[in-house]
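What follows draws every value from the coordinates through simple rules; no lab data is involved. Given the structure is predicted, the values throughout are model-derived calculations rather than measurements. Note that we place each Cβ from the backbone using ideal geometry, even for glycine, and neighbour counts take in every protein chain shown.
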Number of protein chains: 4
Amino acid sequence: MEFKEIKEKIKSFVKKEIIALEPWILNSDWSDKLPKLDQIREKVRVNKLWLPQISKQYGGLGLNNEQFGEISEILGASPYGHYCFNCQAPDAGNMEILIECGSDNQKEQYLYPLLEGKIRSCFAMTEPNFAGSNPTKMGTFATKKGNDYIINGHKWFTSGFDGSSFAIVMLITNPKTDNPHKRASQIIVPTDNKGLEFVRNVSVMGHSGSGWESHAEIKFNDAVVSTSNILGNEGEGFSIAQKRLGPGRIHHCMRWIGMCERSFDLMCKRALSREISQGIMLGNKQSVQNWISECRAEINAARLLVQDAAKKIDAHGSYKSRADISIIKFYCAQVLQKVVDCAIQVYGAKGVTDDTILSYYYRHERAARIYDGADEVHKSRVARLILKEYLK
Amino acid sequence: MEFKEIKEKIKSFVKKEIIALEPWILNSDWSDKLPKLDQIREKVRVNKLWLPQISKQYGGLGLNNEQFGEISEILGASPYGHYCFNCQAPDAGNMEILIECGSDNQKEQYLYPLLEGKIRSCFAMTEPNFAGSNPTKMGTFATKKGNDYIINGHKWFTSGFDGSSFAIVMLITNPKTDNPHKRASQIIVPTDNKGLEFVRNVSVMGHSGSGWESHAEIKFNDAVVSTSNILGNEGEGFSIAQKRLGPGRIHHCMRWIGMCERSFDLMCKRALSREISQGIMLGNKQSVQNWISECRAEINAARLLVQDAAKKIDAHGSYKSRADISIIKFYCAQVLQKVVDCAIQVYGAKGVTDDTILSYYYRHERAARIYDGADEVHKSRVARLILKEYLK
Amino acid sequence: MEFKEIKEKIKSFVKKEIIALEPWILNSDWSDKLPKLDQIREKVRVNKLWLPQISKQYGGLGLNNEQFGEISEILGASPYGHYCFNCQAPDAGNMEILIECGSDNQKEQYLYPLLEGKIRSCFAMTEPNFAGSNPTKMGTFATKKGNDYIINGHKWFTSGFDGSSFAIVMLITNPKTDNPHKRASQIIVPTDNKGLEFVRNVSVMGHSGSGWESHAEIKFNDAVVSTSNILGNEGEGFSIAQKRLGPGRIHHCMRWIGMCERSFDLMCKRALSREISQGIMLGNKQSVQNWISECRAEINAARLLVQDAAKKIDAHGSYKSRADISIIKFYCAQVLQKVVDCAIQVYGAKGVTDDTILSYYYRHERAARIYDGADEVHKSRVARLILKEYLK
Amino acid sequence: MEFKEIKEKIKSFVKKEIIALEPWILNSDWSDKLPKLDQIREKVRVNKLWLPQISKQYGGLGLNNEQFGEISEILGASPYGHYCFNCQAPDAGNMEILIECGSDNQKEQYLYPLLEGKIRSCFAMTEPNFAGSNPTKMGTFATKKGNDYIINGHKWFTSGFDGSSFAIVMLITNPKTDNPHKRASQIIVPTDNKGLEFVRNVSVMGHSGSGWESHAEIKFNDAVVSTSNILGNEGEGFSIAQKRLGPGRIHHCMRWIGMCERSFDLMCKRALSREISQGIMLGNKQSVQNWISECRAEINAARLLVQDAAKKIDAHGSYKSRADISIIKFYCAQVLQKVVDCAIQVYGAKGVTDDTILSYYYRHERAARIYDGADEVHKSRVARLILKEYLK
């Protein structure tokens, strides 16, 4: 199948099979919607569209970053788009890590079931007691004892922990190493491991959620896992995370652009259909026109920036493209927030109801400016990289 | 009791009795929290702080607009502040209308129980099919037939309908009158009236809510009420609404400033307590410092503008102060949004959780830029008023 | 010569020959700098870099829009870049018009001397008494009388009139035609024509300037020109202007991006060299870092948008790309203003002096948001084009 | 004379005598306009309006900060307002310093002629080689030798140096003192002092200016002055500067508000008089309406904030009000920039010409966000003061 055909097929699938179901899906619990989502996943598989981001060797469609970016925009139109194609966070990132760094055993036990969609996974990095802006500071430790690690610590925003089979946990194994970027490792911990305590699904923006749609707070109380559960070598936690970062950012940003386009489309339709006085529609008002054209300009700009970054990653790798990757993070997050805000304002009272998807985006995507590095962190980083070039 | 004493008493009451209960209140249903809130209301009464906005003649504290503004800021710190003192929207506005325009019978049946806190009420104005920016366009009609009005129409965002005893309904009684501002009337309709259909509590920002914390969609299907249920005379719907508007805006804006101050306080505390690297707190970062000082400047500016408008209303009445009243609407709504946004950003991941009040403000107050006239409507109005002065 | 080579040559030429002269050029009168600029032009010719925007047939380098865009960015680094390569406004646009619509005689008399750089020209469109946002409303008229047009009217912002040989004048020839876009024509008027009165060089941002660096106010008092001076046919004034518009906008926007890059470069150098306390440079401050990364993101986005629009023009023509052309107008103008503003702020007091180019940009480019259609006009146009698509 | 009468008189004086002369004054050299300005000053004296900011004891009107704030707004409408009333910077600040800290001799020699308007003065603080954001870092030193100071250093932005009689120079006298705020002193240096070299009037925003309207770069090359020229004691340079700061900021901010009001007035008049299509004026467009109402809101807010700060200074002194003083600095500077920018945009092409005062404000007041402490410096300061309160 040519990429163009894949794209068209996915586009129509999302519209017909996923967006159509939203009114029902959005207002139900994870356990209620799971059977229905599983049916859709089955159709995706039958249509040979499963795992678009994964290489053919591992059963995926083998798209590059630029191509998967385009798909991610299409899937991003619905909160369930990525899930249905098994390329949802955090599983997609975990698949990548396992493919790149997993041992044969780890692949057998964790990767293949994940690729098949039989299990879900999660990634435990964020901690309540340490600022995410400084990832080298962490309070979760693994102490080696014989063939085991004994883990203690406290994590939250472990998204999708609830109902998943294993967590990849970022933690300190080498606290005394000089280089703060060599202190951490990533270790696989089954979610039913003894000593791994589920505290709660943190209530976020009014909902604690469940299943894939939740953000757990968890504790490690002398949790014991085999040393064979480590990904790569001790101290490689950061370098592994780095690898995963670039492509992940492309996916995320394009997902946001998918939301932008859907919000933009809603805004335009409202502008054309809402009469404010005899024969004058909302779209005739200059404020609304300003928003429409500013949003159009900024969405276009955002997409071009992400595509440009994707090309750079495909050509030079994530590390050399890290300034561009940081730029799209803060730029796209801000565009998303603006577009959703404008669309809500054009909708008026209806914009804050759940009769459209806008309120969902508004609530769920405020975090876009925070997770994976707050805007301010990325801005400082970009500036330092730029200024460093001058000192060469 | 001197005003200063009242103020101090209320301040400490809000902190001790209301904010302290929030963690419990915020996460429960209206039916669960009602008994607790009723206990607090009883204490308010015992402390002689009940109905701060109402004249002494009707059992209140008799504060003027400027004074009640200060109280409203204090109460605004908690979502339940106004409710506990029986000065919450929409009941406070309805009390005002009934005091100014209610017949003796209407006062007997509706006003006094409302003042005593025995019943709740609602105000049905917004319609799903007509833009709120043009209040003269409406699809709800009352046709006179003998001593009755027969009402047909469709409303939503009838806040607090669920569990309330009566609605004041804005509707068209004189569709053919030339002056579009003389077509509407306000009519009292008991919520259990035949032909008044409860459609649903509209899900807003993820929750459909219940009781006082809900926004109903309702329909009038040949609902019949006595002509004695009209407030004032036919065609006076707008002029009655106008009267209510000015003081209402002061109260709302000061309530928002209360939220701003609470958010600001949370932001500062976080800035001081969150370490991002050895000895460096969030508050040492210039971006955070920028937000703190910009928010301080804008909150101060907002308060001064509202106090200034309150003085003008007290001195010259709402009509002559209408440009100022519109100005504080859009200015304060925007400041509120900025302050809450900054506070969330300073909190990081915790800012989007429900572990602080910030996410509640974020979700509930996006509507501040929409309800009671979208920002853009007020801006156009202010500009026209200003330009009109030049033509004199 | 390959495009890549052309580009490199021009880049180094601008740096060595033009920017190097600026300190001297910027502070002198047009008559003083002209001999020096003529010398530089001669070198450009010798280096075979003359007329990069013109087809080979007419003695230029034959670059397409996308390519000339890149050159325009390079030339844009200096206020004299375009002039030295004979692709400066308004002459470049006039060349284009004459090539496309000029008669053999017109080409002989006006185009060839212009291409050779022997004369300068100007374009008289803007009028003091009519808003530029509505180009169909104009107060300059040409009345046919035998083989002559008798012209009356009032223009200003006729840039470069002072010292130029001829003006292309936009005026009404067919006032009664129904279609308001068919009323205007473009007519060539020699600047020494009887009845063409030079009123003044309008003082703009503190300077009235002279020569190419001026904006004249002129009056037509029964000025008589031959009917053979018309470009194309009567009523084609707008369609001719349209043709010129697309490529012109690419050139302008890329010129602005050239200014952005130069300002950005200055900002970074200042950030690295200005110490604010022991060992702490300006570039260590988070506010400065924010500006650097935001400006980097927005300049990149602007360039990608312009390149994208250039490709569309090259592929589909200006008319089909008009929404994109409007988008880059307002988007790039705003980015330019932001970047210059940030650079000035980083420079501090020095930023408002004429010791750097920044103050020059600041003063001269405020007009970028106004000329060729104010931002607001373009925003409304884009929104209407977008909404129209929905109605198909 | 009552304050109200003073105010009315000054208002009408500014309009009739000063603004009326502007078209002539703005386009001439200082030496040309001086005789005319002297005539106006004479009239001010005759009308007993001279020195509104100075106590009656020293021959002024004896207004407090709040009152003089109101006057400063009125005078601020014209660039020559303050000059005509002899309350222009930097002389007004120098008068204050001399009154508070001057010895009898210093008063005799410098203060009285200044109060009478017989001489002008300047204040030399800013240095080209050190960031103004850190006032404790300075490269100008005075070394005591017998009864003399020998001064060496380099200053710029010594506004009004050209033609003035003396400079008050901020410099280091006690370089080794631990407290960096005790190292500087203020010393009077006659402008014709040997060793005080005039380098140039720095070209600012396109003009190097002359007389009061210039910003000199000067050098001290072993300039010798008597030790009796020091103001107060050695090391008191900062504390003297502090005293001067608060009232100075009120005056400046109210001057800016005067500019805001004049720009706002121009904007409204343009909105009402510029037709963009049949019967549709600029003021009918929603973008223009948005600007008008946003500017109105922000100007009102700015004035209320400044008045509030003035009251605090009058009640508690500058030191205790320093957070408020910093807030009005950055808040008002930003409002000024926004209002001028909006007014220019409403004017269109005419807005960038010198046919209105707007371009003058645009060029001269970009520096408002830089001088007397860049916005960012004040924002950090305010945040630190606020956070410090929490630690008490």
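List of remarks:
- Ranking of C:Asp375, D:Asp314, C:Asp178 by count of other Cβ atoms within 10 Å, fewest first: C:Asp178, D:Asp314, C:Asp375
- Expressed in Å, the radius of gyration and Dmax of the Cα atoms of region A:263-366 are 16.7, 58.
- Rg over Rh, two decimals, region D:321-387 (C-alpha only, Kirkwood Rh): 1.13
- Its Cα gyration tensor gives region B:1-129 an equivalent ellipsoid. The semi-axes, each the square root of 5 times an eigenvalue, are 23, 20, 14 Å from largest down.
- Of all aspartates and glutamates in the structure, those lying under 18 Å Cα to Cα from A:Lys48, and not within fewer than 8 positions of it along the same chain, are A:Glu2, A:Glu5, A:Glu8, A:Glu17, A:Asp38, A:Glu70, A:Glu116.
- Just so you know, the averaged projected area of the alpha carbon convex hull for region C:104-186 sits at 6.6 nm².
- Between 0 and 90°, nearest 10: helix C:375-391 axis offset from chain C longest Cα axis: 80 degrees
- Set A:Lys312/A:Lys388; C:Lys338/D:Lys269; C:Lys338/D:Lys379 screened for pairs whose C-alpha atoms are more than 23 Å apart: C:Lys338/D:Lys269
- Distant alpha-carbon pairs in region C:1-77 (separation over 19 angstrom), percent: 38 percent
- Fewest-first sequence of A:Asp265, C:Asp91, C:Asp148 by Cβ atoms within 10 Å of each Cβ: A:Asp265, C:Asp148, C:Asp91
- Highest mean first, the peptides B:339-351, A:135-147, C:43-55 sorted by other C-beta atoms within 10 Å per residue fall in the order B:339-351, C:43-55, A:135-147.
- The helix-based estimate of mean residue ellipticity at 222 nm for the protein assembly as shown, built from -39,500 (n - 2.57) per DSSP H run of four or more residues and divided by its residue count, is -15500 deg cm²/dmol to the nearest 500.
- Structure remark: mean-square fluctuation, Gaussian network model of chain D, C-alpha springs under 10 Å; the largest value among D:Ile370, D:Ile325, D:Ile250 belongs to D:Ile370.
- Panel note: the C-alpha atoms of region A:138-187, placed on their principal axes, show extents of 37, 25, 14 Å (largest first).
- Residues with amide H under 5 Å from that of D:Phe123, placed H, sequence gap 5 or more: D:Ser159, D:Ile168
- For region A:292-352, the alpha carbon positions stretch 47, 18, 13 Å along the principal axes, listed from largest to smallest.
- Helix B:30-46 axis, angle to chain B major axis (alpha carbon atoms, nearest 10°): 90 degrees
- Rounded to two decimals, the Cα-based Rg/Rh of chain C, with Kirkwood Rh, is 0.98.
- Cα-derived Rg over Rh, computed across region D:39-93 with Rh taken as Kirkwood radius: 0.93
- Close amide H partners of A:Arg274, meaning residues 5 or more places away or on another chain with modelled amide H under 5 Å apart, are A:Leu282, A:Gly283.
- Number of partner chain Cβ atoms within 10 Å, mean per residue of B:302-310: 3
- Backbone geometry of region A:290-300 corresponds, through the Karplus equation with coefficients 6.51, -1.76 and 1.60 at θ = phi - 60°, to 3J(HN,Hα) couplings of 4, 5, 4, 6, 5, 5, 4, 4, 6, 5, 4 Hz, x marking Gly and Pro.
- Most mobile listed residue (A:Leu98, A:Leu114, A:Leu272) in chain A, GNM with C-alpha springs under 10 Å: A:Leu272
- In sequence order, region A:213-219 has phi-based couplings of 9, 8, 10, 7, 9, 9, 10 Hz under the Karplus curve 6.51 cos²θ - 1.76 cosθ + 1.60, θ = phi - 60°, and Gly or Pro positions carry x.
- Table column - 3J(HN,Hα) (Hz), region A:21-27, Karplus curve with 6.51, -1.76, 1.60, x for Gly and Pro: 8, 3, x, 7, 5, 4, 9
- Enclosing the Cα atoms of region D:121-231 in their convex hull gives a volume equal to 91 cubic angstrom per residue.
- Among the residues of D:267-273, the average count of other protein chain beta-carbon atoms within 10 Å of the residue beta-carbon is 2.
- Secondary structure note: in the protein assembly as shown, about 85% of the DSSP beta bridges are antiparallel.
- The residues A:Cys268, A:Cys101, D:Cys122, A:Cys332, when put in order of fewest to most other Cβ atoms within 10 Å, stand as A:Cys101, A:Cys268, A:Cys332, D:Cys122.
- For the protein assembly as shown, convex hull volume per residue from C-alpha positions, Å³: 203 Å³
- Comparing mean-square fluctuations of A:Gly279, A:Gly102, A:Gly237 from a GNM of chain A with C-alpha springs under 10 Å, the top value falls on A:Gly279.
- Inter-chain Cβ neighbour count for D:145-156, averaged per residue, equals 0 (cutoff 10 Å, partner chain atoms only).
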